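The values are calculated or read from the model by the stated rules, or taken from the named source; none is laboratory data. Keep in mind that what you see is a predicted model, and the values were worked out from it rather than measured. Cβ sites come from the backbone with ideal geometry, for glycine too, and all protein chains shown count toward neighbours. The area values use the complete protein model at the heavy-atom level, side chains included, leaving out ligands, DNA and RNA. Shrake-Rupley method; radii C 1.70, N 1.55, O 1.52, S 1.80 Å.
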Amino acid sequence: MSTLSLAVRDSSTMLRRNLLHARRYPSLTLNLLLTPIMLLLLFVYVFGNALSVGIGGGGGPDRAAYIAYLVPGLLLMTIGSTTIGTAVSVSNDMTEGIIARFRTMNIHRGSVLIGHVVSSVLQSLASTVLVAAVGLAIGFRTTHATPLEWLAALGLLALFALALTWIAVGMGLISPSAEAASNNALPLIFLPLISSAFVPLHSMPGWFRPIAEYQPFTPAIETLRGLLLGTPIGHNGWLALAWCLVLTVLGYRWSTATFNADPK
Amino acid sequence: MSDLAIAAKGLRKSYGDKTVLDGIDLAVPEGTIFSLLGPNGAGKTTTVQILSTLITAGGGHARVAGHDLATEPQAVRAAIGVTGQFSAVDGLITGAENMRLMADLHHLGKQEGQRVTARLLERFDLVEAANRPASTYSGGMKRRLDIAMTLVGSPRVIFLDEPTTGLDPRSRHTMWQIIRELVTTGVTVFLTTQYLEEADELAHRIAVLNNGTIAAEGTPDDLKRLIPGGHVRLRFTDPGAYRAAAAALTAATGDETAQTLHVPHDGTQRDLHTLLTRLDAAGITADELTVHTPDLDDVFFALTDAPATSADAPANGAAPTKETVR
């Protein structure tokens, strides 16, 4: 069997194992899903009137416009939130004896991590679909998006999920316990709070704006907004792709190097 | 060399300043059970981890199933099966799913996979529990599942790291039976244990590992000859009787504060009779008499005392004996 078909075969076996875990113990994924949904409801119905001033065309509060503004950011935040679960489950998994068994078997070396990554990306996408459904239920509408733009949006979500997942896998691998993993992965859910997800960049203090503007979430959020709502994307598209690429490569290198090192 | 399943020369491993393995040599013929015997912290698990490609050696080289550990680790992995000290099963999924996972990773076809896993579940008495999550299994069941999973790929060399530690006596005997059966099919078993009895029961050859070096190696009989027999322990309450006994029994070593004497003893009825006759002749009656047969403690005293007192720091000699007590 060639190396590639061996890799594909072992990785899909590992993926099946990870999906079995996720299906049998869905509570972690579902708990993490609550965060973006609660934030969506909170920001729309509780803070919405105050925060939406100036977002719609007129000067007053505009709830419908704010829902449209909020949903793309929360879809990406959902990915950040799901990958915390990835870090926790990777860290948990590494304490299991079965990982030592995998390391002493004649299988594709990377398949253990690839199984985690693919399973996590699928869970991220399923979670974003659920959050999008909640968004639609409370009034989110995309009137302008063409099928091609929808496809591009889905592709962006998948790439972003892939990038954050590889980083989360690395965080899980270096964490000695599930608690440590969940702490280490905290930036993945904190970063969206200091992006353009909830309020526009121009409302932030000047010294802070560059940080918010160039961190991974803002370009991805602006690109998603552009694809779904027709707002200008500008250089954010390339910036978002670059971030996805850089984080994927870094996360992959970091994770595989950590996994391939002698345990303990 | 060709009929050695495991051949190691000068294996070393250290973590920081701490040397765990200080140059060990091993030669395990194919189709035999080899036991690495030693106390906690002697380096048994580290040896298994190196030979099973889990970690890399800090020095020396080894061949397992004819393949070099350093240059052909995947070929070694294809020939071995490992059951670690901490059960290497996936607790979140069922026993049957664990078995199927192994069949898939060994690239068995669907039908062959089902045949092999069904046969192994049957053989290890796990059919009833097959559809329960492995985390709900008892210690003995987990070890059986662990070994069943190891056997899916029909390995030629099997590493068992303390397979009976923490098992109740019945499960331990079941495990011994399983290990004996393994070797009848021609596979080689490399077994670590901290129980002399277990090594004696199962192994063709035993190596005693102490402080990262092989202190002795040979057949169980070879090894037993190194053990200085047992002893008879006499305890007194009357200091006069203690002193009289110490004077009469010149071979004995005494502990004045505990009022006890240790008399070397080879375990025979004749030897015991001689001792009792001498006590009677001197008119001495001990308040308590117990016969001690050689155990692992004695092996370690015998094998580690000399270097501990001559060259090594006393702390080095004390550590393993202290650990064997628990």
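Quick look at the numbers
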read-out	value
Rh by Kirkwood over Cα pairs, then Stokes-Einstein D for chain B at 0.890 mPa s and 25 °C, µm²/s	111
log10 of Debye I(q)/I(0), alpha-carbon scatterers only, for region B:64-216 at 0.14, 0.15 Å⁻¹	-0.72, -0.83
Given B:Lys9/B:Lys224; B:Lys13/B:Lys110; B:Lys18/B:Lys142; B:Lys13/B:Lys224; B:Lys142/B:Lys224, the pairs whose alpha carbons are separated by over 31 Å	B:Lys13/B:Lys110; B:Lys18/B:Lys142; B:Lys142/B:Lys224
Accessible area (Å², per residue) of chain A, counting only protein heavy atoms and a probe of 1.4 Å	44
Base-10 log of normalised Debye intensity for region A:3-260 (one unit scatterer per alpha-carbon) at q = 0.07, 0.11, 0.12, 0.17 Å⁻¹	-0.25, -0.60, -0.71, -1.28
Pairwise Cα inverse-distance average, inverted: Kirkwood Rh of region B:229-292 (Å)	11.5
Euclidean distance between Cα centres, region A:17-89 to region A:101-143, Å	16
Using alpha carbons only: equivalent-ellipsoid semi-axes of the protein assembly as shown, gyration tensor based, whole Å	65, 27, 21
Å² per residue, accessible surface of region B:4-225 at 1.4 Å	41
Calculated P(r) tail over 15 Å for region B:145-207, as whole % of Cα pairs	48
Solvent-accessible area, 1.4 Å probe, carbon plus sulfur percent, for the protein assembly as shown	59
Burial of 40 Å² or greater, region B:36-55 residues [accessible area, probe 1.4 Å, versus chain by itself]	B:Leu54
Rg(Cα)/(2.2 N^0.38 Å) for region B:1-75, N = residue count	1.06
Kirkwood hydrodynamic radius over Cα pairs of region B:182-254, then Stokes diffusion coefficient at 20 °C and 1.002 mPa s, in µm²/s	135
Residues A:Arg253 and B:Glu112, FRET efficiency given R0 of 30 Å [Cβ-Cβ distance, rounded to 0.05]	0.20
Under 12 Å, Cβ to Cβ, from B:Val183 - net charge with Lys/Arg +1 and Asp/Glu -1	0
Within a Gaussian network of chain B (alpha carbon springs, distance under 10 Å), most fluctuating of B:Gly166, B:Gly16, B:Gly66	B:Gly16
